[in-house]
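Input: a single structure, listed below in structure tokens.
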Amino acid sequence: MTDTSPVVSVSALSKRFGSVTAVDDATFQVRENTIYGLLGRNGAGKTTLMQLLTGQDFASSGTISVFGSSPVENADVLSKICFIKESQKYPDEFRAKHVFTSAPWFFRNWDGGFAAQLIDEFAVPLNRPMKKLSRGQLSAVGVIVGLASRAPLTFFDEPYLGLDAVARQLFYDRLLSDYAEHPRTVILSTHLIDEVSNLLEHVLVIDQGRIIIDAEAEDLRGSATTIAGTRSAVDAFTAGRELLHRESIGGLASATINGQLSALEQADAAAAGVELLPVSLQQLVVRTTSAAAHDFPATA
Ligand SMILES: Nc1ncnc2c1ncn2[C@@H]1O[C@H](COP(=O)(O)OP(=O)(O)OP(=O)(O)O)[C@@H](O)[C@H]1O
């Protein structure tokens, strides 16, 4: 594989469960040494997509290449992947310490010193049986394995469930600093978009199985604007533009439009008496996915 080869390459990928199409004709690539956000509503297809990419399920159609090969029953590819998910099962007799003593068997880049630091920081009770851990402690074990494994391709499927705000921040901080020293590819699925917004370099948004946004996070920030003011001023200003959302109450309205405004348009907005408000990544995803779900008209 050359430096420019994608880590993951997916083409026309679909996964159907009976009448449900969980992943619908997805085509995208994941590049090396980048933190990806896989974002989408409940049931959008995030977990299914991760299961397919990690060879834990078979595609109904389409192709998947991970490190240049199919991940299904491919020991070489799978040895480069770490998949952290909430539903992780552990052997009955396992205590927390057993997870960390067995991890180096699976992950060739495992850093025991880093794991010990994280175990201390997340206050994981090493001697306690896994079955007795609290939800947050269980999540902490997963997060530590995901970080200390330093796998070339690491998936975190909503790793924060059960973690309190302090522990989540610790996770984000350690991920970012360790990633800076040991670059690798990370795919993080989350609902807490605002929290991770600054962490993400590339964003994939999946909605009803379809990839509806595949863009650099930097390009997405500031790629939409909300215009607020009197209904007539907002409607006049947004006429003919691609609307992601519009709401009104009484004589006031607010509309979110796709695309950046030029300096001239910003001056026009000021002259028209409408206010321009930035749209966060989370708002953009909410607006885009709800617009897709409700088939909101693309133009006014
Ligand atoms: N084994 C299965 N059998 C039938 N339907 C399934 C199966 N697995 C997933 N689905 C359906 O496929 C769709 C996508 O599910 P998936 O778990 O991938 O979503 P998700 O984006 O991870 O959701 P969440 O954010 O709620 O975890 C859902 O409608 C789900 O009900």
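When region 168-190 is filtered for residues that are among the polar types (S, T, N, Q) and either within 13 Å of the chain's Cα centre (by Cα) or within 17 Å of GLN29 (Cβ to Cβ) (or both), the ones remaining, listed by number, are THR185, SER189, THR190. With respect to PHE67, is the statement that it is in contact (Cβ under 8 Å) with a residue 12 or more places away in the chain, surrounded by fewer than 19 Cβ atoms within 10 Å (Cβ to Cβ) and in contact with a helix residue (DSSP H, G or I) (Cβ under 8 Å, 6 or more places away or on another chain) true? It is false that PHE67 is in contact (Cβ under 8 Å) with a residue 12 or more places away in the chain, surrounded by fewer than 19 Cβ atoms within 10 Å (Cβ to Cβ) and in contact with a helix residue (DSSP H, G or I) (Cβ under 8 Å, 6 or more places away or on another chain). Filtered by the rule that a residue be within 16 Å of the ligand (Cβ to nearest atom) and either in contact with a strand residue (DSSP E or B) (Cβ under 6 Å, 6 or more places away or on another chain) or charged (D, E, K, R) (or both), region 54-87 gives THR54, ASP57, ALA59, SER60, SER61, GLY62, ILE64, PHE83, ILE84, LYS85, GLU86.
Matching residues to (1) over 24 Å from ASN42 (Cβ atoms); (2) within 16 Å of the ligand (Cβ to nearest atom); (3) free of Cβ contacts under 8 Å to residues at least 40 places away in the same chain; (4) not assigned by TED's automatic domain parsing to the domain that holds PHE106:
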position: SER149; (1), (2), (3), (4): yes, no, no, no
position: PRO159; (1), (2), (3), (4): no, yes, no, no
position: ASP164; (1), (2), (3), (4): no, no, yes, no
position: PHE171; (1), (2), (3), (4): no, no, yes, no
position: ARG174; (1), (2), (3), (4): yes, no, no, no
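If only residues of region 105-163 that are out of contact with any Leu (no Cβ under 7 Å at 6 or more places or on another chain) and on the phi > 0 side of the Ramachandran plot are counted, the one that is surrounded by the fewest Cβ atoms within 10 Å (Cβ to Cβ) is ALA123.
For every residue, the table says whether it meets (1) modelled with pLDDT of 90 or more; (2) touching a Phe, Trp or Tyr at 6+ places or on another chain (Cβ under 7 Å); (3) surrounded by 15 or more Cβ atoms within 10 Å (Cβ to Cβ); (4) β-branched (Val, Ile, Thr).
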{"site": "ARG246", "(1), (2), (3), (4)": "yes, no, yes, no"}
{"site": "GLN260", "(1), (2), (3), (4)": "no, no, no, no"}
{"site": "GLN266", "(1), (2), (3), (4)": "yes, no, no, no"}
{"site": "GLN283", "(1), (2), (3), (4)": "no, no, yes, no"}
{"site": "HIS294", "(1), (2), (3), (4)": "no, no, no, no"}
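For the criterion of being in a strand (DSSP E or B), charged (D, E, K, R) and in the same structural domain as LEU284 (by TED's automatic domain parsing), GLU265 fails. MET50 passes every criterion in (1) within 16 Å of the ligand (Cβ to nearest atom); (2) out of contact with any Phe, Trp or Tyr (no Cβ under 8 Å at 6 or more places or on another chain); (3) among the hydrophobic types (A, V, I, L, M, F, W, C) apart from (2).
The values are calculated or read from the model by the stated rules, or taken from the named source; none is laboratory data. Treat the numbers as computed from the prediction; the structure is a model and nothing was measured. Heads up, the Cβs are rebuilt from the backbone with ideal geometry, glycines too, and the neighbour counts pull from every protein chain shown.
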